[in-house]
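Here's the structure we're looking at; comments come further down.
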Amino acid sequence: MVKRLILPISLLLLSVFVMAEPVSLSEKHYRQAAWAFYQQQPATALEALQLAPQHNGRTRLLEAGLYLQLAMPQHAATALEQVLAQPADDNAVPQALKNIALLQFARYQLELGNKTAARQYLEQVNITADGAWRGQQQLLSQLIHWPDISVPPQPDFVSLADQPEMPYVISNQALVLAKQQPQQALNWLARLQQQFVTPAEQGFWQQLFSGRWSLLNRPDSFVYPHDEKQALDDYLQLTQAQLHIQLQDYAAADAILANFGRDSVLSSNALELYSYILTEQRHIPALLAVLQQQIRQQPFSNTAWQAATRIGEQLERALQPDDALAAYNWADNYYQQQYQLINQQANPLQVQQLLQGASQWQQLQLTNDNSLYRLQQDITALQQQLTAAPERQQRLSSLQQTAEFKLNQQQQLLGSQLPQLSARRQQLQSEFAAIQQQISALTDNSLPQALTQGKLHQQVSRLQRAEQHLQQLPPAQADTYSRRLTRLRGLLQWQYYEDNAAQQYRLNRLQQQISTELTELDSRLQALRQQGTQTDRLRRQQQRLTELSAQQQQLNLALLSQQQQLLAQLNQRLQQHRQQDIARLQQLQRHNKESLARVMELVLLKRAANSGGQP
């Protein structure tokens, strides 16, 4: 079966941003998480989401993808179930995003070997009207139900034309069809090869003036990268060769495999088929070269081990007992060397060895066994999280210190400055009221009522006494002094109004200054009271940070425990592979020794016959 990796759900989810005005605090945390994810820091992105005050379907879906990135499938499953349980309303996650998440998680469960869980998630996928992800759905369904998959009467090239999984889906159907109709399966593969053959592209001006401008931007079908297209060509050719062998058309299969690329990722599979064809056709010299090539290119593989004894078998079939005896002896030594190397390289792995590189035999097992490869990836991902754990803990501690500092600062401000500013405000209000009274008095009082105190009152009193003395003077002098007293009284009245205007101006200026100071003071008091309302929020945030810090410590312990469990599983399975390889080696070695004894007996009989015939 051919598998194709699904693009992680998190990467596609981040392309959907709902712009809101004004931007909420939860939206800011979501964008911080998106930025951290694009910087390949899933743990930092997860922390940003956890600090958000509110969560919706979009953040939960991103959280599920991040948990999957961090090799925490149980947490991812919980978050994904919360998204799927949300009612269908205007704020619900689009079905296309749910499909991506379900397909990705089904793929993950399938790679773990849990086909039941993978089937359950795949059944919840609801393909939208545009047909997006139909190819992914069909390919995963084939992988889960293989080999019991449905085969249509004809390959569906139309609905899968723009799906990158189209060659894999149809080739798998052809493999099932080949069990009963191999020739029809060959026809399907031939038609499939024609679907993604890239034609020679015309230049810019040729396309422009030939009316094919749309081809510059919109291809007719899915365009594969060069490396993947080459791998697809090789896979289809290899499948065709298998079907030709099934039809016993060895010449057609030979024509395909003889020119198969040596640098192809499927070269080892092609070499194995080619050796089978040469064996059936009894091309001994070419077959011996192929078997030797398999031994060199595929160390620690069952193919190489079988090739070692097959060399002697082919020489024995070619009636070359001396050469066959030498080949069997070489194969016996080769098996013994392989046995020793496996025991040397199959020691239990540590985490550091996985990071730096395992032995050749261990690396081969990790590459060929998908479950071992998944265990290796999970252990490596957990180690990355454990390595970054001190940094995350330090960031949480810094946030805790910042929240505590702001909380203490607010409490100090509210405890010291708020009473002082309130007292100062009351004082200014009293002064403002007193000045207002003075201004009212200056405006309302008349001259006789005002001249009752101070220096001006003394002058008025002297003037009144002088007027009383006028009655004692002769009429001629009294008239002169009366005019003088009238002028003095007018002068005093003018001086009074002059001083009154100046004092009123001074009081108005002072009142304006006090009013300005009161306005500034009210603004400071309002700001302090607003900070007082944020104290509860800071306390909640501080409590949340404390909980996150404790959760981080528990998570680190859980990650370490999970890593040790996965490492134990990996070593246990590697030991099972070692035992299986040793068993196969011993079986092949016994078979080789039997062949060796048989050929040695023939050689001895031949030599005895030759020696007996001499005079």
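Could you count how many residues in segment 532-546 are at pLDDT below 80 and open to solvent by 60 Å² or more (accessible area, probe 1.4 Å)?
Of the residues in segment 532-546, 9 are at pLDDT below 80 and open to solvent by 60 Å² or more (accessible area, probe 1.4 Å).
From the residues in segment 299-325 that are open to solvent by 60 Å² or more (accessible area, probe 1.4 Å) and either in contact with a strand residue (DSSP E or B) (Cβ under 7 Å, 6 or more places away or on another chain) or without any contact (Cβ under 8 Å) to a residue 12 or more places away in the chain (or both), which one is nearest to LEU567 (Cα to Cα)?
Result: ASP323.
From the list ILE127, ILE149, ILE100, which one is open to solvent by 30 Å² or more (accessible area, probe 1.4 Å) and of a type in the set (A, V, I, L, M)?
Exactly one residue qualifies, and that residue is ILE127.
Under 7 Å between Cβ atoms, at least 6 apart or on separate chains: pull out the pairs that start in segment 44-56 with a residue that is in contact (Cβ under 8 Å) with a residue 60 or more places away in the chain and end on any residue that is part of a helix (DSSP H, G or I) and not polar (S, T, N, Q).
THR44/ALA36; GLU47/ARG392; GLN50/LEU548; LEU51/HIS29
Checking the condition surrounded by fewer than 19 Cβ atoms within 10 Å (Cβ to Cβ), within 18 Å of the chain's Cα centre (by Cα) and touching a residue at least 12 places away in the same chain (Cβ under 8 Å), which residue from ALA77, ALA71, ALA64 passes?
One residue alone meets the criteria, ALA77.
Please work out if LEU507 is open to solvent by less than 60 Å² (accessible area, probe 1.4 Å) and either assigned to a helix (DSSP H, G or I) or modelled with pLDDT under 75 (or both). First the steps, then the outcome.
Numbers: open to solvent by less than 60 Å² (accessible area, probe 1.4 Å): yes; either assigned to a helix (DSSP H, G or I) or modelled with pLDDT under 75 (or both): yes.
When the stated conditions are applied, LEU507 passes them.
Taking segment 326-336 on its own, how many of its residues are more than 23 Å from ILE582 (Cα to Cα) and open to solvent by less than 10 Å² (accessible area, probe 1.4 Å)? Please lay out each step first, then the result.
To start, the set of residues in segment 326-336 that are more than 23 Å from ILE582 (Cα to Cα) comprises 326.
Restricting the remaining residues to those that are open to solvent by less than 10 Å² (accessible area, probe 1.4 Å) gives none.
Going through segment 326-336 one residue at a time, the tally reaches 0.
Can you tell me which residues in segment 170-190 are out of contact with any Ser or Thr (no Cβ under 9 Å at 6 or more places or on another chain) and under 19 Å from ALA231 (Cβ atoms)?
Matches in segment 170-190: ILE170, ASN172, ALA190.
Is segment 282-298 home to any residue that is touching a residue at least 40 places away in the same chain (Cβ under 8 Å) and in contact with a Leu (Cβ under 7 Å, 6 or more places away or on another chain)?
The answer is no, given that none of the residues of segment 282-298 is touching a residue at least 40 places away in the same chain (Cβ under 8 Å) and in contact with a Leu (Cβ under 7 Å, 6 or more places away or on another chain).
So that you can scan it fast, the table gives a plain yes or no per residue for (1) basic (Lys, Arg); (2) at pLDDT 85 or above; (3) within 19 Å of ALA381 (Cβ to Cβ):
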{"residue": "ALA34", "(1), (2), (3)": "no, no, no"}
{"residue": "THR44", "(1), (2), (3)": "no, no, yes"}
{"residue": "PRO94", "(1), (2), (3)": "no, no, no"}
{"residue": "LEU110", "(1), (2), (3)": "no, yes, yes"}
{"residue": "ALA132", "(1), (2), (3)": "no, no, no"}
{"residue": "GLN136", "(1), (2), (3)": "no, yes, no"}
{"residue": "LEU140", "(1), (2), (3)": "no, yes, no"}
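Just to be sure I understand the filter: pairs with C-beta atoms under 6 Å, separated by 6 or more residues or on different chains, first member in segment 116-141 and touching a residue at least 24 places away in the same chain (Cβ under 8 Å) and under 18 Å from PHE157 (Cβ atoms), second member open to solvent by 20 Å² or more (accessible area, probe 1.4 Å) and assigned to a loop (DSSP other than H, G, I, E, B). Which pairs pass?
ARG134/ILE127
If I ask for residues that are closer than 17 Å to HIS75 by Cβ and either open to solvent by less than 50 Å² (accessible area, probe 1.4 Å) or in contact with a helix residue (DSSP H, G or I) (Cβ under 6 Å, 6 or more places away or on another chain) (or both), which ones from segment 563-584 would you list?
Of everything in segment 563-584, those that are closer than 17 Å to HIS75 by Cβ and either open to solvent by less than 50 Å² (accessible area, probe 1.4 Å) or in contact with a helix residue (DSSP H, G or I) (Cβ under 6 Å, 6 or more places away or on another chain) (or both) turn out to be GLN563, LEU566.
The values are calculated or read from the model by the stated rules, or taken from the named source; none is laboratory data. Just so it is clear, the structure is predicted and the values come from calculations on it, not from any experiment. FYI the Cβ positions are ideal-geometry reconstructions off the backbone, even for glycines, and counts take in every protein chain you see. To get the accessible areas, we keep the full protein, side chains included, count just its heavy atoms, and leave off ligands, DNA and RNA. Shrake-Rupley method; radii C 1.70, N 1.55, O 1.52, S 1.80 Å.
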